[in-house]
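The values are calculated or read from the model by the stated rules, or taken from the named source; none is laboratory data. Computed from a prediction, not measured in an experiment: that's the story for all the values here. FYI the Cβ positions are ideal-geometry reconstructions off the backbone, even for glycines, and counts take in every protein chain you see. Protein only, heavy atoms only, side chains kept; ligands, DNA and RNA dropped before computing areas. Shrake-Rupley method; radii C 1.70, N 1.55, O 1.52, S 1.80 Å.
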Amino acid sequence: MATGNKNLSAYDKATIPDAKNFRFGIVVSEWNPTITEGMFQGSFDALKDCGAINDNIVRWNVPGSFELVYGCKRMQKSYDMLDAIIAIGSVIQGETKHFDIICEAVSQGIKDLNLESDIPVIFCVLTDNNLQQAKDRSGGKLGNKGTEAAITAIKMAQLRKESKF
Ligand code: DLZ
């Protein structure tokens, strides 16, 4: 999953569905806040750039990445009109096994939400070895994972709309 030195966040707006009529939720973890705020801004700006309107973007905060799953679950139930939710977090490797446990729990939890619920949840959680890697991917030299997540959210909202049963 190496990203090399490429900025992966560039997108061609002509190929992205119009987000004007979609409603989005964004759940933001407060751990490593400079990183998660950078990704929130990247997501918000990309949603707006693709047509989403302010009133159709709702933001909640949760204390840490571990809480993203519960936050997204409650958001799904609180706003059943949402078309996609973006879960934003940053987990940085420390000296204990906490890193692996949180990464595993969040990725599995978000996967479970996608299986159980009809509102897609986009995984926007950086899992880096150090702070510099996180900076590089949250608005730095390797782009902004939040931007990529927003484009994914729009595409999944469109897929959901077209596949409604
Ligand atoms: C406890 C903890 C640690 C050590 N590291 C991080 C981290 O790098 N990124 C993050 O989002 N959260 C971290 N947390 C907090 C947990 O996600 C969670 O909030 C607490 O364990 C309480 O459930």
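Below, the figures for the structure above:
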| read-out | value |
| --- | --- |
| Meets criteria (closer than 21 Å to N130 by Cβ, more than 13 Å from the chain's Cα centre (by Cα) and more than 10 Å from the ligand (Cβ to nearest atom)) for D100 | yes |
| Qualifying residue in region 138-145 (condition: of a type in the set (A, V, I, L, M) and surrounded by fewer than 19 Cβ atoms within 10 Å (Cβ to Cβ)) | yes |
| Cross-chain or 6+ apart pairs with Cβ under 6 Å, region 139-165 first and under 10 Å from S9 (Cβ atoms), then at pLDDT below 95 and hydrophobic (A, V, I, L, M, F, W, C) | G143/L8 |
| Strands (runs of 3 or more DSSP E) enclosed by region 1-120 - at least 3 residues per element that are without any contact (Cβ under 8 Å) to a residue 40 or more places away in the chain and open to solvent by 30 Å² or more (accessible area, probe 1.4 Å) | 57-62 |
| Test: residue in region 59-69 that is touching a Gly at 6+ places or on another chain (Cβ under 6 Å), closer than 28 Å to P17 by Cα and within 12 Å of the ligand (Cβ to nearest atom) | yes |
